[in-house]
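Novice: Before we start, here is the structure in question, set down as structure tokens.
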Ligand SMILES: C[S@@+](CC[C@H](N)C(=O)[O-])C[C@H]1O[C@@H](n2cnc3c(N)ncnc32)[C@H](O)[C@@H]1O
């Protein structure tokens, strides 16, 4: 039987046994990158934070330890990832400090002006209707709320570059501006072949 495994599709929506393995690998190898960046940020007291495309939930897990007074929310469209994220965060969920929801971008099932911070870590390249998705992110952010995108930034012309839907810094800025974000900054120096984008509502 031909294997259904394809890295590109598993990244977009981890499924089945392979998806579970991919979820564990992402948890193991990617989270430290984000935590590194996060250590430079000041999180407001009693912040509400939403991690979109939360995958296996390891970043939320680290955040729940680092920022005890925050309430954390994860959203992912993969049932496998929602299950894994809930499992590794069982304690915080039982303490009503964390909520993991299954939903598909561009839909965000939360009220206007709910979050202080929204993170999108290695996920925006998979979102359909990216302009609408950014508008939705803006909608659920409080005024002066903050969107943090950390994403791979493949070399122009490479196989992965052909797959990512936002091709360069300018496009990130244009799309976020078009969706109503005000102050937008990009950083290509944080880590080789990665981009950090910060935008304020
Ligand atoms: C490459 S993984 C990254 C997971 C995690 N943020 C990390 O960096 O370890 C991308 C994640 O985004 C989720 N995702 C992709 N498209 C999505 C969409 N339209 N709505 C919600 N989640 C989505 C996938 O299911 C997957 O868990």
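Novice: Return the total of residues in region 45-63 being closer than 16 Å to residue 148 by Cβ and either in contact with a helix residue (DSSP H, G or I) (Cβ under 9 Å, 6 or more places away or on another chain) or near the ligand (Cβ under 7 Å from one of its atoms) (or both).
Specialist: Selection size over region 45-63: 11.
Quick grid of which residues meet (1) surrounded by 14 or more Cβ atoms within 10 Å (Cβ to Cβ); (2) more than 11 Å from the ligand (Cβ to nearest atom):
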residue: 107; (1), (2): no, no
residue: 112; (1), (2): no, yes
residue: 116; (1), (2): yes, yes
residue: 137; (1), (2): yes, yes
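Novice: Scan region 64-79 for residues that are outside any helix (DSSP H, G or I) and within 11 Å of the ligand (Cβ to nearest atom) and report the count.
Specialist: Summing the residues that are outside any helix (DSSP H, G or I) and within 11 Å of the ligand (Cβ to nearest atom) in region 64-79 gives 5.
Novice: Any chance region 50-58 includes a residue that's surrounded by fewer than 24 Cβ atoms within 10 Å (Cβ to Cβ) and either outside any helix (DSSP H, G or I) or in contact with a strand residue (DSSP E or B) (Cβ under 8 Å, 6 or more places away or on another chain) (or both)?
Specialist: Scanning region 50-58 turns up at least one residue that is surrounded by fewer than 24 Cβ atoms within 10 Å (Cβ to Cβ) and either outside any helix (DSSP H, G or I) or in contact with a strand residue (DSSP E or B) (Cβ under 8 Å, 6 or more places away or on another chain) (or both).
Novice: Look through region 80-100, keep the residues that are under 27 Å from residue 138 (Cβ atoms) and near the ligand (Cβ under 10 Å from one of its atoms), and return whichever of them is surrounded by the most Cβ atoms within 10 Å (Cβ to Cβ).
Specialist: Going through the qualifying residues, I end up with 85.
Novice: In the list 18, 45, which residue meets the criterion of being out of contact with any strand residue (DSSP E or B) (no Cβ under 8 Å at 6 or more places or on another chain) and assigned to a loop (DSSP other than H, G, I, E, B)?
Specialist: Testing whether each residue is out of contact with any strand residue (DSSP E or B) (no Cβ under 8 Å at 6 or more places or on another chain) and assigned to a loop (DSSP other than H, G, I, E, B) leaves just 45.
Novice: Still on this model: Restricting attention to region 150-170, does a residue exist that is in a helix (DSSP H, G or I), away from the ligand (no atom under 12 Å from the Cβ), modelled with pLDDT of 90 or more and out of contact with any helix residue (DSSP H, G or I) (no Cβ under 9 Å at 6 or more places or on another chain)?
Specialist: Yes: region 150-170 contains one or more residues that are in a helix (DSSP H, G or I), away from the ligand (no atom under 12 Å from the Cβ), modelled with pLDDT of 90 or more and out of contact with any helix residue (DSSP H, G or I) (no Cβ under 9 Å at 6 or more places or on another chain).
The values are calculated or read from the model by the stated rules, or taken from the named source; none is laboratory data. From a predicted model like this one, the values you see are computed outputs, not experimental measurements. In this analysis, Cβ positions are derived from the backbone assuming ideal geometry, glycine residues included, and neighbour counts consider all displayed protein chains.
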